[in-house]
Amino acid sequence: MSDLYSDPMATAILAAEKIAELTGKVKHEVALVMGSGWMPATQALGKPTHEFAITDLPGFPAPTVAGHGGLFRSYEIDGANGKIHALVFLGRTHLYEGKGLEPVVHGVRTAVKAGCKVVVLTNACGGINREYQVGQPVLIRDHISMTATSPLIGADFVDLTDLYSKRIRELVKKEDPTLVEGVYIHWRGPAYETPAEINMMRIMGGDLVGMSTVPEAIAAHALGAEVLGISLVTNAAAGVTGEKLNHIEVMEAGKAAAGRMGELLAKVLKQL
Ligand code: 8IG
(Lines give C-alpha, C1' and ligand atoms only; values in the text may rest on other atoms or scores of the structure.)
Protein backbone atom coordinates (compact mmCIF):
# COMPACT_ATOMS: atom_id res chain seq x y z
CA MET A 1 0.00 0.00 0.00
CA SER A 2 1.49 3.32 -1.04
CA ASP A 3 0.40 6.53 0.63
CA LEU A 4 0.77 10.20 -0.09
CA TYR A 5 3.90 10.66 2.00
CA SER A 6 5.78 7.49 1.06
CA ASP A 7 4.90 7.61 -2.65
CA PRO A 8 3.25 10.88 -3.77
CA MET A 9 3.38 10.05 -7.50
CA ALA A 10 1.79 6.60 -7.11
CA THR A 11 -0.94 8.21 -5.01
CA ALA A 12 -1.50 10.89 -7.68
CA ILE A 13 -1.89 8.15 -10.30
CA LEU A 14 -4.44 6.35 -8.08
CA ALA A 15 -6.36 9.62 -7.62
CA ALA A 16 -6.28 10.28 -11.38
CA GLU A 17 -7.65 6.77 -12.05
CA LYS A 18 -10.42 7.44 -9.54
CA ILE A 19 -11.31 10.69 -11.34
CA ALA A 20 -11.58 8.80 -14.65
CA GLU A 21 -13.80 6.22 -12.97
CA LEU A 22 -16.05 8.80 -11.26
CA THR A 23 -16.44 11.08 -14.30
CA GLY A 24 -16.32 8.51 -17.07
CA LYS A 25 -13.73 10.72 -18.79
CA VAL A 26 -10.45 9.00 -19.58
CA LYS A 27 -8.72 12.36 -19.83
CA HIS A 28 -9.02 15.94 -18.68
CA GLU A 29 -6.99 18.56 -20.52
CA VAL A 30 -7.02 21.56 -18.20
CA ALA A 31 -7.03 21.95 -14.43
CA LEU A 32 -8.08 25.00 -12.48
CA VAL A 33 -7.32 25.46 -8.81
CA MET A 34 -9.69 28.02 -7.34
CA GLY A 35 -8.32 30.12 -4.51
CA SER A 36 -10.32 31.68 -1.73
CA GLY A 37 -12.91 34.04 -3.12
CA TRP A 38 -12.75 32.47 -6.59
CA MET A 39 -15.58 29.95 -6.04
CA PRO A 40 -18.32 32.22 -7.47
CA ALA A 41 -16.18 32.79 -10.58
CA THR A 42 -16.80 29.17 -11.60
CA GLN A 43 -20.40 30.09 -12.48
CA ALA A 44 -19.06 31.50 -15.74
CA LEU A 45 -17.92 28.00 -16.73
CA GLY A 46 -21.50 26.76 -16.93
CA LYS A 47 -22.80 23.64 -15.21
CA PRO A 48 -20.29 20.97 -14.21
CA THR A 49 -20.96 17.46 -15.46
CA HIS A 50 -19.77 16.02 -12.13
CA GLU A 51 -19.01 17.20 -8.60
CA PHE A 52 -17.47 15.20 -5.78
CA ALA A 53 -15.89 15.78 -2.40
CA ILE A 54 -12.12 15.91 -2.78
CA THR A 55 -11.85 13.38 0.03
CA ASP A 56 -13.45 10.83 -2.35
CA LEU A 57 -10.01 10.67 -3.99
CA PRO A 58 -6.96 8.91 -2.51
CA GLY A 59 -4.49 11.13 -0.67
CA PHE A 60 -6.54 14.28 -0.04
CA PRO A 61 -6.90 15.50 3.54
CA ALA A 62 -10.03 17.38 4.61
CA PRO A 63 -9.52 21.18 4.33
CA THR A 64 -9.17 23.11 7.57
CA VAL A 65 -9.98 26.76 6.74
CA ALA A 66 -13.51 28.19 6.51
CA GLY A 67 -14.27 29.23 2.92
CA HIS A 68 -11.86 26.69 1.44
CA GLY A 69 -14.43 23.98 0.66
CA GLY A 70 -12.82 20.80 -0.62
CA LEU A 71 -14.60 19.81 -3.83
CA PHE A 72 -13.64 18.90 -7.33
CA ARG A 73 -15.73 19.28 -10.45
CA SER A 74 -15.51 18.13 -14.02
CA TYR A 75 -16.64 20.45 -16.83
CA GLU A 76 -17.09 20.09 -20.56
CA ILE A 77 -16.41 23.46 -22.18
CA ASP A 78 -16.64 24.55 -25.81
CA GLY A 79 -13.19 25.77 -26.78
CA ALA A 80 -11.85 27.30 -29.98
CA ASN A 81 -10.53 23.86 -30.98
CA GLY A 82 -13.33 21.60 -29.76
CA LYS A 83 -14.48 20.34 -26.38
CA ILE A 84 -12.26 20.86 -23.37
CA HIS A 85 -12.57 18.65 -20.30
CA ALA A 86 -11.65 20.77 -17.31
CA LEU A 87 -11.00 19.65 -13.75
CA VAL A 88 -11.75 22.31 -11.19
CA PHE A 89 -10.52 22.09 -7.62
CA LEU A 90 -12.42 24.22 -5.13
CA GLY A 91 -10.23 24.68 -2.12
CA ARG A 92 -6.63 23.69 -1.57
CA THR A 93 -4.27 22.65 1.19
CA HIS A 94 -1.79 25.31 2.33
CA LEU A 95 1.71 24.99 3.70
CA TYR A 96 0.65 26.75 6.90
CA GLU A 97 -1.62 23.83 7.78
CA GLY A 98 1.50 21.96 8.82
CA LYS A 99 0.88 18.78 6.81
CA GLY A 100 3.96 19.28 4.69
CA LEU A 101 4.04 19.95 0.95
CA GLU A 102 2.76 16.59 -0.29
CA PRO A 103 -0.92 17.43 0.28
CA VAL A 104 -0.34 20.98 -1.01
CA VAL A 105 0.70 19.73 -4.46
CA HIS A 106 -1.34 16.52 -4.60
CA GLY A 107 -4.14 18.19 -6.59
CA VAL A 108 -1.93 19.43 -9.42
CA ARG A 109 0.00 16.16 -9.55
CA THR A 110 -3.31 14.30 -9.77
CA ALA A 111 -4.47 16.68 -12.51
CA VAL A 112 -1.34 16.15 -14.59
CA LYS A 113 -1.66 12.39 -14.17
CA ALA A 114 -5.31 12.76 -15.29
CA GLY A 115 -4.02 14.25 -18.54
CA CYS A 116 -3.93 17.99 -17.86
CA LYS A 117 -1.29 19.77 -19.91
CA VAL A 118 -2.29 23.20 -18.58
CA VAL A 119 -2.76 24.08 -14.92
CA VAL A 120 -4.41 27.38 -13.99
CA LEU A 121 -3.66 28.44 -10.43
CA THR A 122 -5.75 31.20 -8.92
CA ASN A 123 -5.38 32.83 -5.53
CA ALA A 124 -6.36 35.78 -3.40
CA CYS A 125 -3.41 37.79 -2.18
CA GLY A 126 -2.13 41.01 -0.71
CA GLY A 127 -0.96 43.83 -2.96
CA ILE A 128 2.56 45.07 -2.29
CA ASN A 129 2.66 47.20 -5.43
CA ARG A 130 1.07 50.55 -4.56
CA GLU A 131 -0.51 50.84 -8.01
CA TYR A 132 -2.74 47.82 -7.43
CA GLN A 133 -6.39 48.23 -6.44
CA VAL A 134 -8.40 45.84 -4.29
CA GLY A 135 -10.44 43.64 -6.63
CA GLN A 136 -7.83 43.73 -9.39
CA PRO A 137 -6.62 40.52 -11.06
CA VAL A 138 -2.89 40.30 -11.80
CA LEU A 139 -1.16 37.68 -13.95
CA ILE A 140 1.81 36.10 -12.17
CA ARG A 141 4.92 36.68 -14.27
CA ASP A 142 7.39 35.17 -11.81
CA HIS A 143 7.72 34.37 -8.12
CA ILE A 144 10.01 34.64 -5.13
CA SER A 145 9.77 31.81 -2.63
CA MET A 146 10.27 32.83 1.00
CA THR A 147 9.38 29.51 2.55
CA ALA A 148 12.78 27.80 2.24
CA THR A 149 11.11 24.60 1.09
CA SER A 150 10.19 22.79 -2.13
CA PRO A 151 7.70 20.11 -3.16
CA LEU A 152 10.53 18.39 -5.08
CA ILE A 153 12.74 15.90 -3.30
CA GLY A 154 16.02 14.54 -4.61
CA ALA A 155 18.13 15.51 -7.61
CA ASP A 156 15.24 17.04 -9.58
CA PHE A 157 17.02 20.18 -10.85
CA VAL A 158 14.08 21.68 -12.70
CA ASP A 159 14.54 24.87 -14.72
CA LEU A 160 12.07 27.58 -13.66
CA THR A 161 12.93 30.21 -16.28
CA ASP A 162 9.49 30.03 -17.92
CA LEU A 163 7.54 28.68 -14.96
CA TYR A 164 4.53 30.95 -15.59
CA SER A 165 4.05 30.27 -19.29
CA LYS A 166 4.72 33.35 -21.39
CA ARG A 167 2.71 31.78 -24.20
CA ILE A 168 -0.44 31.54 -22.08
CA ARG A 169 0.08 34.97 -20.50
CA GLU A 170 0.18 36.52 -23.98
CA LEU A 171 -3.02 34.67 -24.97
CA VAL A 172 -4.79 35.94 -21.87
CA LYS A 173 -3.59 39.51 -22.34
CA LYS A 174 -4.89 39.45 -25.90
CA GLU A 175 -8.33 38.66 -24.45
CA ASP A 176 -7.99 41.29 -21.72
CA PRO A 177 -5.39 43.98 -22.49
CA THR A 178 -6.07 45.73 -19.15
CA LEU A 179 -4.34 42.89 -17.26
CA VAL A 180 -0.98 43.67 -15.69
CA GLU A 181 1.70 41.21 -14.58
CA GLY A 182 3.49 40.97 -11.26
CA VAL A 183 5.92 39.00 -9.14
CA TYR A 184 4.24 36.87 -6.46
CA ILE A 185 6.00 36.23 -3.18
CA HIS A 186 5.16 33.02 -1.33
CA TRP A 187 4.96 33.51 2.42
CA ARG A 188 4.30 30.54 4.67
CA GLY A 189 1.87 32.26 7.03
CA PRO A 190 -0.55 31.76 8.64
CA ALA A 191 0.28 35.16 10.13
CA TYR A 192 0.32 37.95 7.58
CA GLU A 193 3.55 39.91 7.16
CA THR A 194 4.70 42.80 9.27
CA PRO A 195 4.92 46.20 7.57
CA ALA A 196 8.73 45.85 7.69
CA GLU A 197 8.53 42.52 5.88
CA ILE A 198 6.31 44.03 3.19
CA ASN A 199 8.82 46.84 2.80
CA MET A 200 11.57 44.26 2.34
CA MET A 201 9.47 42.38 -0.22
CA ARG A 202 8.87 45.55 -2.22
CA ILE A 203 12.61 46.25 -2.29
CA MET A 204 13.19 42.64 -3.42
CA GLY A 205 10.93 43.15 -6.40
CA GLY A 206 7.66 41.64 -5.15
CA ASP A 207 4.27 42.96 -6.28
CA LEU A 208 1.95 40.39 -4.67
CA VAL A 209 2.14 38.31 -1.51
CA GLY A 210 0.24 35.20 -0.59
CA MET A 211 0.36 31.78 1.00
CA SER A 212 -0.22 29.45 -1.96
CA THR A 213 0.38 28.78 -5.67
CA VAL A 214 4.19 28.55 -5.72
CA PRO A 215 4.58 24.90 -4.65
CA GLU A 216 1.78 23.88 -7.01
CA ALA A 217 3.35 25.79 -9.90
CA ILE A 218 6.70 24.08 -9.32
CA ALA A 219 5.17 20.62 -8.96
CA ALA A 220 3.02 21.00 -12.10
CA HIS A 221 5.94 22.38 -14.14
CA ALA A 222 8.23 19.59 -12.96
CA LEU A 223 5.72 17.11 -14.43
CA GLY A 224 5.68 18.98 -17.73
CA ALA A 225 2.47 21.00 -17.49
CA GLU A 226 2.20 24.64 -18.55
CA VAL A 227 1.20 26.94 -15.71
CA LEU A 228 -0.91 30.09 -15.63
CA GLY A 229 -1.12 31.96 -12.31
CA ILE A 230 -3.74 34.62 -11.62
CA SER A 231 -3.83 36.55 -8.37
CA LEU A 232 -6.80 38.54 -7.17
CA VAL A 233 -5.64 41.40 -4.99
CA THR A 234 -8.07 41.38 -2.07
CA ASN A 235 -6.19 43.64 0.32
CA ALA A 236 -3.33 46.08 0.40
CA ALA A 237 -0.44 44.29 2.12
CA ALA A 238 0.53 45.22 5.68
CA GLY A 239 1.61 48.81 6.14
CA VAL A 240 0.54 49.92 2.64
CA THR A 241 -2.58 51.76 3.80
CA GLY A 242 -2.23 51.68 7.59
CA GLU A 243 -5.38 49.51 7.84
CA LYS A 244 -5.21 46.17 9.65
CA LEU A 245 -5.73 42.95 7.69
CA ASN A 246 -8.94 41.02 8.28
CA HIS A 247 -9.69 37.56 6.83
CA ILE A 248 -13.44 38.25 6.54
CA GLU A 249 -12.91 41.49 4.60
CA VAL A 250 -10.47 39.70 2.36
CA MET A 251 -13.11 37.08 1.51
CA GLU A 252 -15.70 39.81 0.85
CA ALA A 253 -13.40 41.57 -1.61
CA GLY A 254 -13.02 38.25 -3.40
CA LYS A 255 -16.79 37.82 -3.71
CA ALA A 256 -17.21 41.35 -5.04
CA ALA A 257 -14.74 40.71 -7.87
CA ALA A 258 -16.09 37.26 -8.80
CA GLY A 259 -18.03 38.43 -11.85
CA ARG A 260 -14.99 39.85 -13.57
CA MET A 261 -12.89 36.82 -12.58
CA GLY A 262 -15.51 34.47 -14.02
CA GLU A 263 -15.51 36.24 -17.38
CA LEU A 264 -11.75 36.19 -17.39
CA LEU A 265 -11.61 32.46 -16.67
CA ALA A 266 -14.13 31.65 -19.38
CA LYS A 267 -12.08 33.65 -21.89
CA VAL A 268 -8.88 31.95 -20.78
CA LEU A 269 -10.36 28.47 -21.20
CA LYS A 270 -11.65 29.20 -24.68
CA GLN A 271 -8.12 30.14 -25.74
CA LEU A 272 -6.38 27.03 -24.46
I1 8IG B 1 -6.11 37.15 0.63
O2 8IG B 1 -1.60 40.31 2.67
C3 8IG B 1 -4.28 37.40 1.28
N4 8IG B 1 -3.43 36.40 1.42
N5 8IG B 1 0.94 36.50 2.98
N6 8IG B 1 -0.33 38.44 2.84
C7 8IG B 1 -0.20 37.09 2.67
N8 8IG B 1 -1.18 36.33 2.23
C9 8IG B 1 -2.33 36.93 1.91
C10 8IG B 1 -2.53 38.29 2.04
C11 8IG B 1 -1.48 39.11 2.53
N12 8IG B 1 -3.78 38.57 1.64
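Each semi-axis of the equivalent ellipsoid for the stretch 32-141 is √(5λ) with λ an eigenvalue of the Cα gyration tensor; in descending order they amount to 22, 20, 13 Å. Protein heavy-atom accessible surface, 1.4 Å probe, per residue over the chain: 44 Å².
Go through K27/K83; K47/K173; K18/K267; K174/K255; K18/K99; K47/K267 and tell me which ones have a Cα-Cα distance over 18 Å in this structure. From K27/K83; K47/K173; K18/K267; K174/K255; K18/K99; K47/K267, over 18 Å: K47/K173; K18/K267; K174/K255; K18/K99. Computed per residue of the chain from DSSP H runs no shorter than four, each worth -39500 (n - 2.57), the mean residue ellipticity at 222 nm is -9000 deg cm²/dmol. For trypsin sites (Lys or Arg not before Pro), the sites in the stretch 1-51 that DSSP calls loop and that have at most 16 other Cβ atoms within 10 Å are K27. The chymotrypsin sites (Phe, Trp or Tyr not before Pro) of the stretch 117-209 meeting both criteria, a DSSP state outside H, G, I, E and B (loop) and at most 13 other C-beta atoms within 10 angstrom of the site's C-beta, are F157. The slack in the chain from E181 to T241, taken as 0.36 nm per residue of separation less the alpha-carbon distance, amounts to 19.4 nm. Relative to the 2.2 N^0.38 Å rule of thumb, the stretch 4-271 has a C-alpha radius of gyration ratio of 0.94.
Of all the options I248, I77, I13, the one that moves most in a Gaussian network model of the chain with Cα springs shorter than 10 angstrom is I248. Loop-located GluC sites (Glu not before Pro) in the stretch 93-184 (DSSP state other than H, G, I, E, B) with a sparse environment of at most 12 neighbouring Cβ atoms within 10 Å: E131.
The length gained on full extension between T49 and K83, counted as 0.36 nm times the residue separation minus their Cα-Cα distance, comes to 10.9 nm.
In this simple spin-label approximation, E170 and I153 carry label points 7 Å from Cα along the Cα→Cβ vector, and these lie 3.9 nm apart. Here the Gaussian network model covers the chain, with springs between Cα atoms less than 10 Å apart; of T149, T55, T161, T161 fluctuates the most.
A simple spin-label model places the labels of R188 and A10 3.0 nm from each other, with each point 7 Å out along Cα-to-Cβ.
The values are calculated or read from the model by the stated rules, or taken from the named source; none is laboratory data. Predicted, not measured: the structure shown is a model, and the values here were computed from it. Using ideal geometry, Cβ is built from the backbone for each residue, glycine included, and neighbour counts are taken over all protein chains shown. Surface areas here come from the heavy atoms of the whole protein model, side chains and all, with no ligands, DNA or RNA. Shrake-Rupley method; radii C 1.70, N 1.55, O 1.52, S 1.80 Å.
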